[in-house]
Amino acid sequence: MVMQLNKDNYEQEVMKAEGTVLVDFYADWCGPCRMQAPIVDQLSEERTDVKFCKLNVDEATPIAIELGISTIPTIMVVKNGEITYKQAGLMQKAQLEALL
């Protein structure tokens, strides 16, 4: 299951979380984002060792700006509070699996 993030829960659920967290930054109007979502959903069902989250950049713009998210979709991986990966663009399942 993919958790919906917002300005109120981002810090706790991502930056203060233990283990690995994958965040999908998206917007409802973004075509490639709509293609990324089912890939992230599928991985979230297969991988119980990773927390999967998504954050709508239109609803949480200050977080996106703080993180330098200027293109979507962007995938970010955080391990024990440290950003270990951040890249914009549609990613295939195999690419995401390799990150994790």
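This table checks each residue for (1) in contact (Cβ under 8 Å) with a residue 40 or more places away in the chain; (2) part of a loop (DSSP other than H, G, I, E, B).
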| position | (1), (2) |
| --- | --- |
| Gln12 | no, no |
| Val21 | yes, no |
| Trp29 | no, yes |
| Leu43 | yes, no |
| Lys51 | yes, no |
| Tyr85 | no, no |
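Residue-by-condition table, conditions (1) open to solvent by 30 Å² or more (accessible area, probe 1.4 Å); (2) within 19 Å of Leu100 (Cβ to Cβ); (3) in contact with a Lys or Arg (Cβ under 7 Å, 6 or more places away or on another chain):
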site: Asp8; (1), (2), (3): yes, no, no
site: Val21; (1), (2), (3): no, yes, yes
site: Asp49; (1), (2), (3): yes, yes, no
site: Glu66; (1), (2), (3): yes, no, no
site: Gly81; (1), (2), (3): no, yes, yes
site: Ala88; (1), (2), (3): yes, yes, no
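Val77 meets each of the listed conditions (1) within 14 Å of Leu100 (Cα to Cα); (2) not in a strand (DSSP E or B) apart from (2).
The values are calculated or read from the model by the stated rules, or taken from the named source; none is laboratory data. As the structure is a computational prediction, the values presented were derived from the model and not from experiment. Please note: Cβ atoms are built from the backbone with ideal geometry, for glycine as well, and neighbour counts cover all protein chains shown. Just so you know, the surface numbers come from the protein's heavy atoms only, side chains and all, with ligands and any DNA or RNA stripped out. Shrake-Rupley method; radii C 1.70, N 1.55, O 1.52, S 1.80 Å.
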